[in-house]
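Notes follow once the structure below has been shown.
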């Protein structure tokens, strides 16, 4: 069964978040540009995940936005 591009983006983002240290926020740019990432993640799509309630984001210097 083929998986849509959006589903692949979501899975990659969630995977990268799961791999990170859960005590420190992860910057969206870091998720989008993970070394070895064969599937480039558009930052706009990460904002869609935030609006959908799948991830949370903090604004500012110490946040993830």
Ratio Rg/Rh, restricted to the range 5-51 and using Cα atoms, in which Rh is the Kirkwood radius: 0.92
Pairwise FRET efficiency - residue 33 versus residue 58, Cβ, R0 = 25 Å, nearest 0.05: 0.85
Packing-based order for 25-33, 47-55, using average beta carbon neighbours within 10 Å, highest first: 25-33, 47-55
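No value in this document is a laboratory result; all are computed from the given coordinates. Predicted model only: the values in this text are computed from it and were never measured. Every residue, glycine as well, gets a Cβ built from its backbone with ideal geometry; the counts of neighbours run over all protein chains shown.
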